[in-house]
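The values are calculated or read from the model by the stated rules, or taken from the named source; none is laboratory data. Computed from a predicted structure; not experimentally measured. Cβ: placed from backbone, ideal geometry, glycine included. Neighbour counts: every protein chain shown. Note: areas computed on protein heavy atoms with side chains; ligands, DNA, RNA excluded. Shrake-Rupley method; radii C 1.70, N 1.55, O 1.52, S 1.80 Å.
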Amino acid sequence: MKIKSFFAKPYAAIVHKKIQKEMRTAVQDQERIFKDLLKNGSFTQFGNDHRLKEVQQYDAFTQAIPLHTYDMLKPYLEHIKEGKSNVLWKGRPLYFAKTSGTTNAVKYIPISRESIHNQVNSARNVLLSYMATSRNADFASGNMIFLSDPPTLERFAGIPTGRLSGIINHHVPAYMRNNQFPSYETNCIENWEDKLQRIVSETMNKDLALISGMPTWIQMYLDWLLEHSQKSTIKNLFPSLQVLIHSGTNFDVYRNRLKESVGFDIDTLETYPTSEGFFAFQESVTAEGMLLNTNSGIFYEFIPVSEIHKEQPKRLRLQDVELGQKYVLVISSNAGLWAYNMGDIIQFVSLDPYRIMVKGRVKHYISLFGEQVISHDVERAMMAAAAQHQLKVVDFIVAPQTQSDGAPRYEWLIAAEVPLSEMETRAFEVTIDYMLRTQNKAYDSLIMHNKLQSSQVRFLPKNAFQQYMKTIGKLGGQHKLPRLSNSYDLAADLSAYGLLV
């Protein structure tokens, strides 16, 4: 065993023991964080505006601070831009995390001197927990690659600003730098394809032990490695590869194709990092779901999905949640976010300890007649149908097609390794529609009563999604397309572009 692995094992045991203790004190830790946030927030401009000094209990908090969106925080961010301190949190932000969706305007999410520890320590704890639970520390001495955004920072209102993964790169300990890829110079390349070309050259002969990133970009990296090396599987390049860490999208959709590319079974760990906070991670490969980060400067609230569009939705604390229910995640944090609606739909798969799964986003849904089909529904349907028809899916989206003859229908745009024949496609349509009906009873009822026609499937070229992302400047990094939308606009753009690829 090499020296890094040797010293990492006892440290991992200490950290994991602390995490295990926090599993048992999650509710108490949340209450302590809640009071600490109130205490510190009462001395800010936001706290003064919302009379936080008068708030002592949770019920009063929900009355004083309604749910907030980014747009509602913009006036306070303007004051920070003007150079003011103690606006949303004490002092001024340490960083701004710059984030944007496929079509959304840029957002600047504050990261404070206190909240940076949530991001950095959580990323560290993923690795240490894996070491402790798997008793495998060998990878710590091996080569690792983190497929992330460039670490270059700009100044916004005098505050260092960049993508979250780029910011975190500045906090990687020095002792990990000598076996971390890509190199700093390569990581600074903005163009994803140019950057990937350099990454492939740098790592071709490095026998990586760990790979981390979004599944779509990990797969693209592996594809390029196999193409340039003329190897049949990654096993032939990286025989020491042991663990893959992923985030940002449902890994199960990509699992089989990634496994085929790798060529052997490796451990996988899911994480839930966002610019607003690192909320959860899978601390053990045998655990279902991700352990909620309950002692890391973030106070959580949960809104039942059925309540989210009400003027005054029901807001629940951690001790009030139930298994199997879908909730919209709301956070208040020591970064200066208050009752901030994340828009993510989560579900608890365990209450002892508190473990969650991400099911989609509130704004990513299809609901022509109130059926509220979400990402989780279509992903489960796709995985089942693809397995039955032995279809190797690269990526896909679903959108409502209302311009067809007769009743509207759902249209699935699929990029696959090898498209199905016309006859096979008709059979696949029957299967995937049946699978979606089993996932969403409202959709099933609409089909039965002829309010919706059965699903239609259209195949796009294998690289259509990647090329489309390139044309809109969103290729690589943390960018991803929404799995589904209540509008056909994105599908129309992608479909039209796919014909040109």
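Output the number of residues of region 284-312 satisfying the condition of being touching an Asp or Glu at 6+ places or on another chain (Cβ under 7 Å) and open to solvent by 20 Å² or more (accessible area, probe 1.4 Å). Total meeting the criteria: 2.
Which residue is farthest from Lys480 (Cα to Cα), if the candidates are limited to region 446-466 and must be free of Cβ contacts under 8 Å to residues at least 40 places away in the same chain and in a helix (DSSP H, G or I)? Only one residue tops the list, namely Met448. For region 254-274, residues that are outside any strand (DSSP E or B) and either open to solvent by 20 Å² or more (accessible area, probe 1.4 Å) or under 12 Å from Gly213 (Cα atoms) (or both) total 9. Do you know which residues across region 383-405 are open to solvent by 70 Å² or more (accessible area, probe 1.4 Å) and in a loop (DSSP other than H, G, I, E, B)? Gln390, Lys392, Thr402, Gln403, Asp405 - these are the residues of region 383-405 that are open to solvent by 70 Å² or more (accessible area, probe 1.4 Å) and in a loop (DSSP other than H, G, I, E, B). Of all residues in region 210-233, those satisfying the criterion of being touching a residue at least 12 places away in the same chain (Cβ under 8 Å) and more than 25 Å from the chain's Cα centre (by Cα) are Leu226, His228, Ser229, Ser232, Thr233. Looking only at residues in region 153-171 that are aliphatic (A, V, I, L, M) and either touching a Lys or Arg at 6+ places or on another chain (Cβ under 8 Å) or part of a loop (DSSP other than H, G, I, E, B) (or both), which one is farthest from Lys84 (Cα to Cα)? Residue satisfying both the conditions and the ranking: Leu153. Considering only residues that are modelled with pLDDT of 90 or more and in a loop (DSSP other than H, G, I, E, B), look in region 172-189 and name the one that is surrounded by the most Cβ atoms within 10 Å (Cβ to Cβ). Step by step, filter region 172-189, then rank; the result is Pro182. Of the residues in region 443-459, none is of a type in the set (Phe, Trp, Tyr) and open to solvent by 60 Å² or more (accessible area, probe 1.4 Å). With respect to the conditions (1) farther than 15 Å from Val243 by Cα; (2) crowded, with 17+ Cβ neighbours inside 10 Å, Met204 lacks only one, and its number is (2).
Check Leu420, Leu481 and return the single one that is of a type outside the set (Val, Ile, Thr), open to solvent by 20 Å² or more (accessible area, probe 1.4 Å) and either over 21 Å from Ala386 (Cα atoms) or more than 28 Å from the chain's Cα centre (by Cα) (or both).
Leu420
Kindly establish whether Val120 is assigned to a helix (DSSP H, G or I), touching a residue at least 40 places away in the same chain (Cβ under 8 Å), within 16 Å of Pro273 (Cβ to Cβ) and out of contact with any Ser or Thr (no Cβ under 8 Å at 6 or more places or on another chain). Criteria met by Val120.
Count of region 57-71 residues, restricted to those that are under 25 Å from Leu292 (Cβ atoms), open to solvent by 60 Å² or more (accessible area, probe 1.4 Å) and either in a helix (DSSP H, G or I) or among the charged types (D, E, K, R) (or both), is 1. Condition (residue is in a loop (DSSP other than H, G, I, E, B), open to solvent by 30 Å² or more (accessible area, probe 1.4 Å), more than 30 Å from Asp493 (Cα to Cα) and at pLDDT below 95) applied to region 137-152: is it met by at least one residue? Within region 137-152, one or more residues are in a loop (DSSP other than H, G, I, E, B), open to solvent by 30 Å² or more (accessible area, probe 1.4 Å), more than 30 Å from Asp493 (Cα to Cα) and at pLDDT below 95. If you go through region 291-333 and pick out every residue that is in contact with a Ser or Thr (Cβ under 8 Å, 6 or more places away or on another chain), assigned to a strand (DSSP E or B) and hydroxyl-bearing (Ser, Thr, Tyr), you end up with 2. Scanning region 43-56 for residues that are at pLDDT 95 or above, polar (S, T, N, Q) and in a loop (DSSP other than H, G, I, E, B) yields a count of 1. Inside region 107-136, can you point out the residues that are of a type outside the set (Phe, Trp, Tyr), open to solvent by 30 Å² or more (accessible area, probe 1.4 Å) and more than 14 Å from Ala12 (Cα to Cα)? Result: Lys107, Arg113, Glu114, His117, Val120. Regarding Leu244, is this residue part of a helix (DSSP H, G or I), under 30 Å from Gly277 (Cα atoms) and out of contact with any His (no Cβ under 8 Å at 6 or more places or on another chain)? The answer is no for Leu244. The C-beta contact set for region 25-53 (first residue among the acidic types (Asp, Glu), second residue part of a loop (DSSP other than H, G, I, E, B), distance under 8 angstrom, 6+ apart or interchain) comprises Asp29/Thr294; Asp29/Asn295; Asp36/Asn334. Scoring His79 on the criteria (1) farther than 20 Å from Ile33 by Cα; (2) at pLDDT 95 or above; (3) within 28 Å of the chain's Cα centre (by Cα) leaves a single failure, condition (3).
For region 414-431, how many residues meet the condition of being touching a Leu at 6+ places or on another chain (Cβ under 6 Å) and either assigned to a loop (DSSP other than H, G, I, E, B) or at pLDDT below 95 (or both)?
Step one: of region 414-431, the residues touching a Leu at 6+ places or on another chain (Cβ under 6 Å) are 415-416, 428.
With either assigned to a loop (DSSP other than H, G, I, E, B) or at pLDDT below 95 (or both) added as a condition, the list becomes 415-416.
The total comes to 2.
The set of residues in region 344-357 that are touching a strand residue (DSSP E or B) at 6+ places or on another chain (Cβ under 7 Å) and either more than 30 Å from Pro75 (Cβ to Cβ) or open to solvent by 10 Å² or more (accessible area, probe 1.4 Å) (or both) comprises Asp344, Gln347, Phe348, Val349, Pro353, Tyr354, Arg355, Ile356, Met357. Being open to solvent by less than 60 Å² (accessible area, probe 1.4 Å) and acidic (Asp, Glu) narrows it down to one of Asp29, Asp49, Asp36, so name that one. Of the residues listed, the single one that is open to solvent by less than 60 Å² (accessible area, probe 1.4 Å) and acidic (Asp, Glu) is Asp29. Confirm whether Met357 is closer than 29 Å to Pro110 by Cβ, outside any loop (DSSP other than H, G, I, E, B) and in contact (Cβ under 8 Å) with a residue 40 or more places away in the chain. The answer is yes for Met357.
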